[in-house]
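Working notes, structure below.
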Amino acid sequence: MFKAIGFDMDGTLIDSDIDYARLGMVEHDVLTSLGVPSKVFAHMMSEKDMLVAGIDYLHSIGKDISSDELERMVNEESTRIETLNISSSKPFPMVRELLDEISSKGYKIGLLSRGHRGYVLKTMDRFDLTGYFDAIEAYDDHPVGEQKPNPVAMEYLAKGLGVRTDEMIYVGDAVTDYLCARDSGAAFIGLAQNEHSRTMWESYDHRPEILNNISELIGRF
């Protein structure tokens, strides 16, 4: 029996306007601004590997900077970029009605986002949605590498909600959301509310149940 329902934020609850190309360059931009040549980390795929390589290089040339300080710089710049266009974001239709219904039925409600906490809370507060959530987990709440699709991210959310992961349903719009839920033992429902999400799911061989919009969840639980 499910006791909790978790949600992704961007593309799921909120029709957001984030410059993801710019956001994806944050580690590169911060490291090069500190004097790290891009060739040091250009071949690396994960944020964690890039930051480790950057720290190693900076220490090798005598610059005294800690991993925590570097992560803080990256997180601050990421938050700045995420919030740049927040005024043009809006909740998808029927989000508040869905959250009202779920809450009235006694489910715990969680939010697990790859957005940074400052941005997530500013967005939720902007639309007066914060009070619906019993637990919120954001990108910078935990060390780099422990975010979606790592299943430990879902375990953090479940712990915050006081349930097991197999007592949760998670709703998201991306493959990373699905993999995080699947590998943690949580159930999953996918959304394809924009062209990007639809194209992504159509190209994914093992796609789960996909709904066209979040309003289709009303009356589902």
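The values are calculated or read from the model by the stated rules, or taken from the named source; none is laboratory data. For clarity, every value in this text was computed on a predicted model and none was experimentally measured. Cβ coordinates were reconstructed from backbone atoms using ideal geometry, including for glycine residues, and neighbour counts include every protein chain displayed. With ligands, DNA and RNA removed, areas are computed over all heavy atoms of the protein, side chains included. Shrake-Rupley method; radii C 1.70, N 1.55, O 1.52, S 1.80 Å.
Side notes on the structure shown:
- Some residue of segment 202-213 being of a type outside the set (A, V, I, L, M) and either closer than 22 Å to Ala138 by Cβ or in contact (Cβ under 8 Å) with a residue 60 or more places away in the chain (or both): yes
- Subset of segment 24-37 [among the hydrophobic types (A, V, I, L, M, F, W, C) and open to solvent by less than 30 Å² (accessible area, probe 1.4 Å)]: Val26, Val30, Leu31, Val36
- Residue in segment 149-162 that is more than 24 Å from Ala138 (Cα to Cα) and assigned to a helix (DSSP H, G or I) present: no
- Residue within segment 191-214 that is part of a loop (DSSP other than H, G, I, E, B), open to solvent by 50 Å² or more (accessible area, probe 1.4 Å) and acidic (Asp, Glu) present: yes
- Pick from segment 174-185, criterion open to solvent by 10 Å² or more (accessible area, probe 1.4 Å) and in contact with a helix residue (DSSP H, G or I) (Cβ under 7 Å, 6 or more places away or on another chain), ranking: nearest to Val152 (Cα to Cα): Ser184
- Residue within segment 125-134 that is under 12 Å from the mean Cα position of the chain (by Cα) and not in a helix (DSSP H, G or I) present: no
- The sole residue among Ala21, Ala4 that is open to solvent by 70 Å² or more (accessible area, probe 1.4 Å) and not polar (S, T, N, Q) is Ala21.
- The set of residues from segment 93-120 being surrounded by fewer than 17 Cβ atoms within 10 Å (Cβ to Cβ) and touching a helix residue (DSSP H, G or I) at 6+ places or on another chain (Cβ under 7 Å) comprises Pro93, Met94, Ser103, Arg117.
- One residue stands out among those in segment 52-73 that are of a type in the set (A, V, I, L, M, F, W, C) and open to solvent by 70 Å² or more (accessible area, probe 1.4 Å): the one that is nearest to Lys39 (Cα to Cα), which is Val52.
- Candidate set from segment 75-92 (those that are open to solvent by less than 70 Å² (accessible area, probe 1.4 Å) and among the hydrophobic types (A, V, I, L, M, F, W, C)); member that is nearest to Leu179 (Cα to Cα): Phe92
- Search result, residues across segment 140-160 that are open to solvent by less than 10 Å² (accessible area, probe 1.4 Å) and either among the aliphatic types (A, V, I, L, M) or at positive phi (or both): Ala153, Met154, Leu157, Ala158
- Extreme residue, modelled with the highest pLDDT, among residues of segment 1-59 that are assigned to a loop (DSSP other than H, G, I, E, B) and among the polar types (S, T, N, Q): Thr12
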